[in-house]
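Asks: Here you go, one structure.
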Amino acid sequence: MFSTWTSATAVLRRIGIALIFIAAVVLASAEPAFAQAAPAAQAPAAAPAPQARVFTGDVGIMYNIIKPDKTADFEMVIGKLKEALAKSDDPVHKQMAQGWRVMKNPEPMAQGGNYLYVFLIDPVVKDADYTVSKVLAKAFPAEVQELFKVYAACFAGGVTLANFQLVASLK
């Protein structure tokens with residue numbers, strides 16, 4: 001009987017994770033459609049300063065839609081992020097690194113062939129700013145401008161941030 005419950009729990013967990021990813025893909029796919037509807041007469045705006053990426057939940061997820069020809073660049077910047085967190089003396093950065101995982105859906109998205117990368121933050125460090133460029137700036141002040149250019153060019157859409165509250169642990 002216990003093995004049946006464990007199997008049912010595993011199936012429900014997989015379904016829940018699949019639904020979260022499907023919702024992310026739907027949300028991310030909608031953004032490029034809205035961007036295409038913008039009038040062509042608008043003058044390009046200056047690049048805004050990165051928004052703070054602070055989570056309010058127990059678990060945080062960031063969905064990143066990356067252009068198919070920019071996945072290697074994106075993963076290079078993520079490697080620099082890992083290096084920055086590892087060499088930091090900041091105790092908050094050490095805590096952030098412990099719960100920050102980066103995952104990639106190996107299959108391209110149906111619309112545009114872009115790739116979905118997910119930052120899974122579990123547990124969230126309270127009041128910590130998970131903005132990639134800010135972490136990189138502390139570790140690589142001489143390189144951060146070039147790294148940010150490479151990083152920003154990777155995106156096919158914006159970053160979607162989601163907060164989650166733990167309802168139950170099934171361990």
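Asks: Is at least one residue of the stretch 140-157 out of contact with any Leu (no Cβ under 6 Å at 6 or more places or on another chain), hydroxyl-bearing (Ser, Thr, Tyr) and more than 16 Å from Ala86 (Cα to Cα)? Break it down into steps so the answer makes sense when it comes.
Replies: To start, the set of residues in the stretch 140-157 that are out of contact with any Leu (no Cβ under 6 Å at 6 or more places or on another chain) comprises 140-143, 145-146, 148-157.
Narrowing the set further to residues that are hydroxyl-bearing (Ser, Thr, Tyr) leaves 151.
Right, trim to more than 16 Å from Ala86 (Cα to Cα) and you get 151.
Yes, there is a match, as at least one residue in the stretch 140-157 is out of contact with any Leu (no Cβ under 6 Å at 6 or more places or on another chain), hydroxyl-bearing (Ser, Thr, Tyr) and more than 16 Å from Ala86 (Cα to Cα).
Asks: Can we say Ala137 is part of a helix (DSSP H, G or I), touching a helix residue (DSSP H, G or I) at 6+ places or on another chain (Cβ under 8 Å) and exposed (fewer than 13 other Cβ atoms within 10 Å of the Cβ)? It would help to see each step written out before you state the result.
Replies: Working: part of a helix (DSSP H, G or I): yes; touching a helix residue (DSSP H, G or I) at 6+ places or on another chain (Cβ under 8 Å): yes; exposed (fewer than 13 other Cβ atoms within 10 Å of the Cβ): no.
Taking the combined requirement at face value, the residue does not satisfy it.
Asks: Same structure again: Go through the stretch 44-65 and give me each residue that's under 15 Å from Phe148 (Cβ atoms) and either at pLDDT below 95 or not polar (S, T, N, Q) (or both). Can you show your working first?
Replies: We begin by selecting, within the stretch 44-65, every residue under 15 Å from Phe148 (Cβ atoms); these are 46-51, 53, 64.
Answer for the stretch 44-65, where residues must be under 15 Å from Phe148 (Cβ atoms) and either at pLDDT below 95 or not polar (S, T, N, Q) (or both): Ala46, Ala47, Pro48, Ala49, Pro50, Gln51, Arg53.
Asks: Which is assigned to a helix (DSSP H, G or I) and not charged (D, E, K, R), of Ala52, Ala110, Ala72?
Replies: Going through Ala52, Ala110, Ala72 in turn, just one is assigned to a helix (DSSP H, G or I) and not charged (D, E, K, R): Ala72.
Asks: Another one. Would you confirm, using the coordinates I've provided, whether Ala84 is more than 21 Å from Cys154 (Cα to Cα), buried (at least 18 other Cβ atoms within 10 Å of the Cβ) and among the small types (Gly, Ala, Ser)?
Replies: Answer is no for this residue.
Asks: While we're looking at this one, here's another question. When you check Glu83 against the structure, is it within 15 Å of the chain's Cα centre (by Cα), in a helix (DSSP H, G or I) and among the charged types (D, E, K, R), yes or no?
Replies: Judged against the criteria, Glu83 is not a match.
Asks: From Val167, Val92, Val118, grab the single residue that is within 14 Å of Phe74 (Cα to Cα) and β-branched (Val, Ile, Thr).
Replies: Residue meeting the stated conditions: Val118.
Asks: Just the residues that are surrounded by fewer than 14 Cβ atoms within 10 Å (Cβ to Cβ) and modelled with pLDDT under 95, please, taken from the stretch 144-169.
Replies: Listed by number, the residues that qualify are Gln165, Leu166, Val167, Ala168, Ser169.
Asks: Just one of Gly158, Gly99 is within 22 Å of Gly57 (Cα to Cα) and touching a residue at least 40 places away in the same chain (Cβ under 8 Å); which is it?
Replies: Numbers: Gly99 fails: touching a residue at least 40 places away in the same chain (Cβ under 8 Å).
The match here is Gly158.
The values are calculated or read from the model by the stated rules, or taken from the named source; none is laboratory data. Note that the structure is predicted; figures quoted are calculated from it, not measured. Because the Cβ atoms are built from the backbone with ideal geometry, glycine has one as well, and the counts that use them run over all protein chains shown.
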